[in-house]
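> Submitted below is the structure of interest, expressed as structure tokens.
The values are calculated or read from the model by the stated rules, or taken from the named source; none is laboratory data. Computed from a predicted model, the values in this text were never measured in an experiment. Here the Cβ positions follow ideal geometry from the backbone for every residue, glycine too, while neighbour counts run over all protein chains shown. Only protein heavy atoms, including side chains, enter the accessible area calculation; ligands, DNA and RNA are left aside. Shrake-Rupley method; radii C 1.70, N 1.55, O 1.52, S 1.80 Å.
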Amino acid sequence: MNEHYKFINTPLPYAYSAMEPYIDEKTMWLHHNRHLQTYIDNLNNTLSKYPEFQSWTLEELIMNVPSLPKDIQTAVNHNSGGVFNHQFYFANLANPAPLQPFGRLNEAIKNKFCNYASFQAQFKTAALSVFGSGYAWLVVNAIGQLDIITTGNQDTPFPLGMYPILNIDVWEHAYYLKHYNLRADYIDDWFHVVNWDNANRNYIRCFNMGQ
Ligand code: MN
């Protein structure tokens, strides 16, 4: 992903079929090539009329929505969040994946949730509770502890003062072709392709930022 406008959709670091049999190739293609692309296009279109914001990074746009002109706040919030959340989701997939967290993140998960199974159960409950479009997240909260939260639509954890470690997109386009209406089955399958290596890096980066 390039730093600022004009944003482009960079290829995934794996094939669209790489998450088979857990997430199907067609879903991955549509999700990346159509859904994410649409957020990128809409964000570019919105910024095309505002050269003064074209040097802003995605993170700067997300963090500073209230200081943008009123008529583009909603569009920038929705589409910059849509770009970030999807890129974050794709970056946190791998197959084969380490089937459990490890390293510093694993220690923090054990401290907060007792063990991986308990974390998994709580994360799944949260992901099932999202009504309509949104995400479940593992985050580091404002006091430096792990937390599981959900966000609606394309909202991000940043305005809540939280730093993302891992997310799952639970809007139906993320799973409907393979799992139909069975979100629980999609979540179970998703746990097989969580890139814990990347999540651990996110966790370490968070503390290196001094949070
Ligand atoms: Mn999506």
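> Cut-off under 17 Å on the C-alpha distance; same-chain residues fewer than 8 positions from LYS178 excluded. Which aspartates and glutamates are left, in chain and number order?
Reachable aspartates and glutamates: GLU20, ASP24, GLU25, ASP169, ASP188, ASP189.
> Computed FRET efficiency, Cβ-Cβ of SER129 and GLU52, R0 35 Å: what is it to the nearest 0.05?
Numbers: r = 40 Å, r/R0 = 1.14.
The value I calculate is 0.30.
> Would you mind computing Rg(Cα) / (2.2 N^0.38 Å) for the chain, counting N as its residues?
Details: Rg = 16.9 Å, N = 211, 2.2 N^0.38 = 16.8 Å.
The reported ratio for this selection is 1.00.
> Same structure, new question: What does the accessible area of ARG201 come to, in Å² to the nearest 10, when a probe of 1.4 Å is used?
Ignoring ligands and nucleic acids, ARG201 comes out at about 110 Å².
> Something else about it: Tell me the GluC sites (Glu not before Pro) within region 1-91 that lie in a loop according to DSSP and have at most 14 other beta-carbon atoms within 10 Å. Working shown, then result.
On the way: sites: GLU3, GLU25, GLU52, GLU59, GLU60; in loops: GLU3.
When the GluC sites (Glu not before Pro) of region 1-91 are filtered for loop state and at most 14 Cβ neighbours within 10 Å, GLU3 remain.
> Hey, another quick one. For the chain, list the DSSP H helices whose alpha carbon atoms reach 27 Å or more along the long axis and whose average Kyte-Doolittle value is -1.0 or above? All intermediate terms of the calculation are to be shown ahead of the outcome.
Working: long enough: 70-91 (32 Å, -0.45).
In the chain, the long hydrophobic H runs are 70-91.
> On to the next question. Loop only by DSSP, 12 or fewer other Cβ within 10 Å of the Cβ. Give me the trypsin sites (Lys or Arg not before Pro) in region 40-113 that pass, ordered by residue number. Don't skip to the end; give the middle numbers.
On the way: sites: LYS49, LYS70, ARG104, LYS110, LYS112; in loops: LYS49.
Here the trypsin sites (Lys or Arg not before Pro) that fit, given the DSSP loop and packing criteria, are LYS49.
> Share of region 138-188's accessible area from carbon and sulfur, percent, 1.4 Å?
Roughly 52 percent, rounded to a whole number.
> Check which residues have an amide H placed less than 5 Å from LEU93's amide H, if you skip close sequence neighbours.
ASN195
> State the percentage of accessible surface on region 1-125 attributable to carbon and sulfur atoms; use a 1.4 Å probe and exclude ligands, DNA and RNA. Show your work: numbers first, answer last.
Working: 3370 of 6310 Å².
That share works out to 53 percent.
> For the chain, what is the accessible area per residue in Å² when the probe is 1.4 Å?
Values: 9890 Å² over 211 residues.
Computed with neighbouring chains in place, this is 47 Å² per residue.
> If you average the alpha carbon positions of region 23-91 and of region 111-126, how far apart do those two centres end up, in angstrom?
Value for the Cα centre distance between the two parts: 30 Å.
> Moving to a separate point now. Taking the alpha-carbon distance from LYS6 and a cut-off under 22 Å, which lysines remain once sequence neighbours fewer than 8 residues away in the same chain are dropped?
LYS49, LYS70
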